[in-house]
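Below is one structure, written out as structure tokens; comments come after it.
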There are 2 protein chains.
Amino acid sequence: MVTAGAGGLAIDAGDVRDAARLILGAAVLTPLLEYAPLNDRLGHRVLVKFEGAQHTGSFKFRGAYNRLARLSPAERRAGVVAWSSGNHAQGVAAAARLLGMPATIVMPADAPAVKRANTRALGAAIVPYDRLTGSREEIATALARDRGATLVPSFDDPCVIAGQGTIGLEILAQADAAGARIGRVLVCCGGGGLVAGIATAIKAQAPAIAIHPVEPAAFDDTARSLASGRRETVPADARSICDALLAPSPGALTFPINRALLSAGLTVTDAEVKAAMRYAFSTCKLVTEPGGAVALAAALHGKAPPADGATVIVISGANVDPAEFAAILGENDGM
Amino acid sequence: MVTAGAGGLAIDAGDVRDAARLILGAAVLTPLLEYAPLNDRLGHRVLVKFEGAQHTGSFKFRGAYNRLARLSPAERRAGVVAWSSGNHAQGVAAAARLLGMPATIVMPADAPAVKRANTRALGAAIVPYDRLTGSREEIATALARDRGATLVPSFDDPCVIAGQGTIGLEILAQADAAGARIGRVLVCCGGGGLVAGIATAIKAQAPAIAIHPVEPAAFDDTARSLASGRRETVPADARSICDALLAPSPGALTFPINRALLSAGLTVTDAEVKAAMRYAFSTCKLVTEPGGAVALAAALHGKAPPADGATVIVISGANVDPAEFAAILGENDGM
């Protein structure tokens, strides 16, 4: 059972350990990889946590499973509803299928085709909406209410945050096994659930490690919120190729955690993200989606302040349409 | 020191264990990954050994390092010469740089640009030749003789075979840690050094595991040689997109090992290889080169006979030009 964390935060490190016990055997223990050219480029050890190898190709399965596995038999029968641009959708659909419950996902009509197709293939029903005119929260909330189903938020939920935090526990254990002393961890940030969970897990054991959220430059709400101390919002006309990171403001539950635990927010341009995707292809031999590559982009483009010890980069997802990936490979802007 | 193996074979399992001790810390312990959709598709557990994460993006670093690290100080000063379409070139270049010795590589003029560029970036000198009219062996042998340098064969060398075999030891340990009982291992086969090394390592500990070599259909020399019992050759006009697997006949040292240890040879078409590369992209989130994807292609297209236990697939390399990869992603032949 997730309890209120220390200092009124939504979760504490014990909740992450609980989540790790619950998802053991259900989630993939993803690899922590190291590449000599990346070490050479940054001048110190760099470790890459590859969540593309997680079920459904992103970290989202962890939080979804940690939420859904705690539902009662009656709640399971009524099913779950979520809204998502794609990765949370797939994570919820996969967890629901594994646990034998129906899932309905409210998805933007312009979500990447691969994310829609995969969500459907996992047995979930999809309700499309127009991202520019509709409110996915209202649609999903109404659906859940009508059916007596459980709404599964994509980041602002204690179980979801704790589930994503299991990545932090794995990073600590895997870096230790690799003989690496971590100086800083770079994590993508949309609504802030992943970085909040990871920070909760890591800071409890190693408070000296700096955790930096990384956002698309046009969606720098968490960076600005960390600087101002209150939840800032990006303009409604903001755009980025990072479809997984388009949350307009930090979460009500995630921001207090992030304000308490994170170092400065970093931002990267779409061009830097594309260059990072090409680097991941050519050097790491890994597929990344735009939102999944922002932490690598920040590292490659020197966005993080100096720190003693190794840099850990979380590659959070790899669900990208083949045509988009091919187009990005074909661009060459000299970065 | 590599000794003659049992029964007059070039190596035995002790040589692979020696190699593992020598390359420990120098080579990457690459991950053994598992994907639920791949398990579902094959109807049993499938484990993917991803050598794309090895130094230089293929398994070749292992054998090269195991050969070069045994050279005397005088031999190291004189340097090494190798011939290769690209992956062995990069493996030798990286090992030579790590060990501080000069390397010269004889490469076909039509080798993938990424492999030539990477070999050069690793500090090796490149001597191009025409693959259809020149003899790379003669050119390299003459170069080595003139310089007093050591020739490093790409597969027909005991140290090289033993070095590649370290993958087999890792597979056994990693599958054990994952609680998997292996039924069969599918390994790409050009000259046969990789599969000979892996078979030597695995058969010594687990003789019931079937090891299948996988070749491009047009380069089925090992499959036919295993069937006939003698070294067969493919026609000189044979062609395949699998640039890493174009050896025209089994090696003099590798074939006796493979004849003694391997199960039937499997073959895949170029179209099946491309479909496997797309599958690795979309489901495994891994970059593969054509020759690196043949074992996955064999598994996906039902080429391996039934076996009890898990299937292990070795993805042996991921050095592919972005333009070629993008073109393959863009094809859709319904496979």
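The values are calculated or read from the model by the stated rules, or taken from the named source; none is laboratory data. Fair warning: this is a prediction, and the values are worked out from it, not measured in the lab. All Cβ positions, glycine included, derive from the backbone under ideal geometry; neighbour counts span all protein chains shown. Areas reflect the complete protein model, heavy atoms only, side chains present, ligands, DNA and RNA absent. Shrake-Rupley method; radii C 1.70, N 1.55, O 1.52, S 1.80 Å.
Does A:S282 satisfy the condition of being in a loop (DSSP other than H, G, I, E, B) and either of a type in the set (S, T, N, Q) or free of Cβ contacts under 8 Å to residues at least 40 places away in the same chain (or both)?
no
Residue under question is B:A238, and the condition is that it be open to solvent by less than 30 Å² (accessible area, probe 1.4 Å) and at pLDDT below 95; does it hold?
no
Restricting the search to region B:241-262, which residues are under 13 Å from the mean Cα position of the chain (by Cα) and part of a helix (DSSP H, G or I)?
B:D243, B:A244, B:L245, B:T254
Considering only residues that are under 14 Å from A:P37 (Cβ atoms) and within 21 Å of the chain's Cα centre (by Cα), which ones fall in region B:121-141?
The one that is under 14 Å from A:P37 (Cβ atoms) and within 21 Å of the chain's Cα centre (by Cα): B:L122.
Please determine whether any residue of region B:296-311 is more than 22 Å from A:N319 (Cα to Cα), within 12 Å of chain A (Cβ to nearest Cβ) and crowded, with 24+ Cβ neighbours inside 10 Å.
Looking through region B:296-311, none of the residues is more than 22 Å from A:N319 (Cα to Cα), within 12 Å of chain A (Cβ to nearest Cβ) and crowded, with 24+ Cβ neighbours inside 10 Å.
How many of the residues in region A:227-271 are without any contact (Cβ under 8 Å) to a residue 40 or more places away in the chain and within 21 Å of A:L296 (Cα to Cα)?
Residues that pass the stated criteria total 1.
Listed residues B:A103, B:A125; which is touching a strand residue (DSSP E or B) at 6+ places or on another chain (Cβ under 6 Å), crowded, with 22+ Cβ neighbours inside 10 Å, away from chain A (no Cβ under 14 Å) and more than 30 Å from B:I182 (Cβ to Cβ)?
Answer to the check: B:A103.
Residue by residue through region B:247-284, note down the ones that are more than 14 Å from chain A (Cβ to nearest Cβ) and surrounded by fewer than 20 Cβ atoms within 10 Å (Cβ to Cβ).
If the condition is that a residue be more than 14 Å from chain A (Cβ to nearest Cβ) and surrounded by fewer than 20 Cβ atoms within 10 Å (Cβ to Cβ), then B:P248, B:S249, B:A252, B:P256, B:R259, B:A260, B:L261, B:S263, B:A264, B:T269, B:D270, B:A271 are the ones that fit.
Within region A:173-183, can you find the residues that are within 29 Å of A:R67 (Cβ to Cβ) and open to solvent by less than 30 Å² (accessible area, probe 1.4 Å)?
The answer is A:A175, A:I182.
Residue by residue through region A:204-214, note down the ones that are open to solvent by less than 40 Å² (accessible area, probe 1.4 Å) and touching a helix residue (DSSP H, G or I) at 6+ places or on another chain (Cβ under 6 Å).
A:I209, A:I211, A:P213, A:V214
Please go through region A:31-56 and pick out each residue that is within 10 Å of chain B (Cβ to nearest Cβ) and under 19 Å from B:G57 (Cα atoms).
Answer for region A:31-56, where residues must be within 10 Å of chain B (Cβ to nearest Cβ) and under 19 Å from B:G57 (Cα atoms): A:P31, A:L32, A:L33, A:E34, A:Y35, A:A36, A:P37, A:V48, A:F50, A:G52, A:A53.
When the residues of region A:312-327 are filtered to those that are open to solvent by 10 Å² or more (accessible area, probe 1.4 Å) and more than 9 Å from chain B (Cβ to nearest Cβ), which remaining residue is farthest from the chain's Cα centre (by Cα)?
A:E324
Would region A:285-292 turn up any residue that is closer than 23 Å to B:T30 by Cα and either in a strand (DSSP E or B) or away from every other protein chain (no Cβ under 14 Å) (or both)?
Yes, region A:285-292 has at least one match.
Contact list please: Cβ distance under 6 Å, first residue in region A:37-64 and touching a residue at least 12 places away in the same chain (Cβ under 8 Å) and open to solvent by less than 10 Å² (accessible area, probe 1.4 Å), second residue aromatic (F, W, Y) and not in a helix (DSSP H, G or I), pairs at least six apart or on different chains.
Correct list of pairs: A:E51/A:F59.
Whether any residue in region A:59-66 is within 14 Å of chain B (Cβ to nearest Cβ), of a type outside the set (G, A, S), under 17 Å from A:G197 (Cα atoms) and touching a Lys or Arg at 6+ places or on another chain (Cβ under 8 Å) is what I want to check.
For region A:59-66, residues within 14 Å of chain B (Cβ to nearest Cβ), of a type outside the set (G, A, S), under 17 Å from A:G197 (Cα atoms) and touching a Lys or Arg at 6+ places or on another chain (Cβ under 8 Å): absent.
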